[in-house]
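Note sheet for the following structure.
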Amino acid sequence: MWAFINKLRSPKWFYAISTKLQPWFWAVAALLLVVGTVWGLVFAPADYQQGNSFRIIYVHVPAAFLAQSIFVSMAVSGVVFMVWKIKVADMAAAVMAPLGAAMTFIALFSGAVWGVPTWGTWWMWDARLTSMLILLFLYLGVIALRGAFSSRDSGSRAASVLAMVGVINIPIIKYSVDWWYTLHQPATFTITGRAAMPMEMWLPLLIMVLGFYCFFIALTLTRTRSEILRREVNKRWVRELVEEAS
Amino acid sequence: MTPKRKQKLFVILGLVSLTAIAVGLTLYALRANINLFFSPVQIAQGDAPMDRQIRAGGMVKEGSVSRDAESLDVEFTVTDYVDDLTVYYSGILPDLFREGQGVVVVGQLQADGRLYADKVLARHDENYMPPEVAQALKEAGYSPADFQAKAAKVGKRLEEEGVPQASEY
C-alpha cells in the first residue's frame, strides 16, 4: 500500500504505467458501449407501460452513476493531494471535472426528455432532481475555482476543498428517493438486491454501466498523461521523451 | 504517516464532518418542505393547507376513475392504502395515467375534502418488464406491493408520532 502510494509520487512512473494500460481500457470501453447500445436500443424488449421511451434508461442510468462516481473520485484525489502531496492525484482530479460535469448534464437532460412522455413534465423541483442540479453547479464551481487563482497550487487546493466538502451531496442524491416523497422513482439498477427488471433488460444496462466506467478510466488516463506532460515540461525525463520521439 | 500529514487528514475529516452536520441539520429542519407531495394520510390528518396550491401523491385506486362522457372532466381517488383522497380534474391526463398507477396531482384542497387539480403527473415505479411478463404477472394476481409496503410504513410512523408534520414550521 505505502509502496504503491510512494510510486504514485512519481509522474514518470504513472506516465509509463498509463501508457501500457490505456489502449486496453479504450478497447474494452468501445466494445462494451457498442454492444450495450445495440442490445439496449434494438434487441431489449420494450416496457409494458412506457414502450420504447424506456430505452432512455440505457443512457440515463450509466450517466447518472458516473456523474456521482466521478465526484467521489475527485474528492478522494483531493484528500490524497492535500495530505500526501501527490501531484498526479491533483492532475487526475483536474481532468475528471469536465467529464463529470458533462455526465451530470447528460443525466439531467436525458431525464428531462424522459420525463415528458412518462411523468407529463420535464422538470419538477423534487429532491432527486434538485440535488442532481446542485451536483452540476458543484462541478462548475470546482472547475471555476481551479482557474480563479493566479498560482496553480492555490487553485488546486481550493478545488480540492470544494470537492471534499461537496461530496456530502452524493449520499443526498442517492437516498433522496428513500428519505422523501419524490416524483422520481427509487433505484432500478442495483448491484446487490433483486433486480427490478428481467434479465434481458438488465444485462444490456449492466454492459452500458461497465462501458461508461471503462470510458471514464480510459479518458482519465489519456488526459492525465497530457496533463503530466504539460506540467512537467521542464523535467529531464519529458525532454528525453520528446527527443526520442522526434 | 508523518505527524504533519496526520494533522492535515484530521483537519480535512473535521471540515467534512462539520459540513455534513450542517447540511444534515438543514435538511432535517426542512424535511416537510422537501417532500414533493402530501400523502392522503397527511391530508386526512389535516397537515395540508386549504385553498392553497399543494401537491398530493399516491396510487389511483382501482375502479375509482369516473369520466364525464361529455367533457374532459374526470374524478378519481388517490390512495396510500391507509387513507383516500378524492381528486377532481378537467384536462388531458398523461399517457401513463391508469388505475393502480402512481400519480402526483397539483391543485387546491377545498372545504368539501376534495382536491381540485390543475395538473396531473404520472409517477412511475422502479419496475420495468416486457408486456408478456406484465400479462403473466397480472394473471398471477400482481399488486403494487412495494408502494403498499412503503405507504403502510409511513402511515404507521405518522400515527406513532402523532404530530402533524407539515405544520411544525
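All of the numbers you see were taken from the coordinates with simple rules; none came from a lab. Source: prediction; values computed, not measured. Don't worry about glycine lacking a Cβ; one is built from the backbone with ideal geometry, like all the others, and counts go over all protein chains shown.
Output the Kirkwood hydrodynamic radius of chain A, Cα pairs only, in Å rounded to one decimal.
Kirkwood radius, chain A: 19.6 Å.
On each of the three principal axes of the Cα atoms of the range A:76-197, give max minus min coordinate, whole Å, ordered largest first.
The Cα atoms of the range A:76-197 stretch 49, 30, 21 Å along the principal axes, largest first.
For chain A, calculate the relative contact order in percent as a whole number, restricting contacts to Cα pairs under 8 Å that are 6 or more residues apart.
Rounded, it is 32 percent for chain A.
Can you list the residues, at least 5 places off or on another chain, whose amide H is less than 5 Å from the amide H of B:PHE37, using H built in the peptide plane?
Excluding prolines and chain starts, which carry no amide H, the hits are A:TYR181.
Counting other beta carbons within 10 Å of each Cβ, put A:LEU129, A:LEU33 in order, fewest first.
The most exposed by this proxy come first: A:LEU33, A:LEU129.
Using the number of other C-beta atoms within 10 angstrom as an exposure proxy, rank A:ARG128, A:ARG223 with the fewest first.
Going from sparsest to densest Cβ surroundings: A:ARG223, A:ARG128.
Quick one: which residues, 5+ away or cross-chain, put their amide H under 5 Å from the amide H of B:GLY100? H built at 1.01 Å from N.
Distant-sequence amide H within range of B:GLY100: B:VAL60, B:LYS61, B:GLU62.
Tally Lys/Arg at +1 and Asp/Glu at -1 over every other residue whose Cβ is under 11 Å from the Cβ of A:ARG128; what's the total?
Summing Lys and Arg as +1 and Asp and Glu as -1 gives -1.
Using a Gaussian network model of chain A whose springs link C-alpha atoms within less than 10 Å, name the residue from A:ALA101, A:ALA16, A:ALA112 with the highest mean-square fluctuation.
Ranking A:ALA101, A:ALA16, A:ALA112 by mean-square fluctuation puts A:ALA16 first.
If you add up the charges near B:THR77, with Lys and Arg at +1 and Asp and Glu at -1, over every other residue whose beta carbon is less than 12 angstrom from its beta carbon, what do you get?
-4
Among A:TYR15, A:TYR139, what is the fewest-to-most ranking by other Cβ atoms within 10 Å?
Lowest count first: A:TYR15, A:TYR139.
Okay, helix-only estimate at 222 nm for chain A: each DSSP H run of n ≥ 4 adds -39500 (n - 2.57), divide by all residues, round to 500 deg cm²/dmol; what do you get?
-26000 deg cm²/dmol
If you add up the charges near B:PHE37, with Lys and Arg at +1 and Asp and Glu at -1, over every other residue whose beta carbon is less than 10 angstrom from its beta carbon, what do you get?
Neighbourhood net charge equals +1.
Considering only A:VAL209, A:TYR58, A:LEU183, whose Cα is most displaced toward the positive end of the charge dipole of chain A, charges sitting on Cβ of Lys, Arg (+1) and Asp, Glu (-1)?
The listed residue farthest towards the positive side: A:VAL209.
Taking the simple approach of a point 7 Å from Cα along Cα-to-Cβ for both A:VAL72 and A:ALA187, what is their distance in nm?
So the two model labels end up 0.8 nm from each other.
What list of ³J(HN,Hα) couplings, whole Hz, do you get for the range A:172-179 from phi and the Karplus terms 6.51, -1.76, 1.60, once you set θ to phi - 60° and write x for glycine and proline?
So the Karplus estimates, Gly and Pro as x, are 5, 4, 4, 9, 3, 6, 9, 6 Hz.
Within the set A:LYS7/B:LYS6; A:LYS235/B:LYS8; A:LYS7/B:LYS8; A:LYS20/B:LYS6, which residue pairs have Cα atoms separated by over 23 Å?
Where the Cα-Cα span goes over 23 Å, the pairs concerned are A:LYS235/B:LYS8; A:LYS20/B:LYS6.
Among the aspartates and glutamates, which have Cα under 13 Å from the Cα of B:LYS61 when same-chain residues fewer than 8 positions away are ignored?
B:GLU75, B:ASP80, B:ASP83, B:ASP84, B:GLU99
Please give the per residue volume of the convex hull enclosing the alpha carbon atoms of the protein assembly as shown, rounded to a whole number of Å³.
Roughly 184 Å³ of hull volume per residue.
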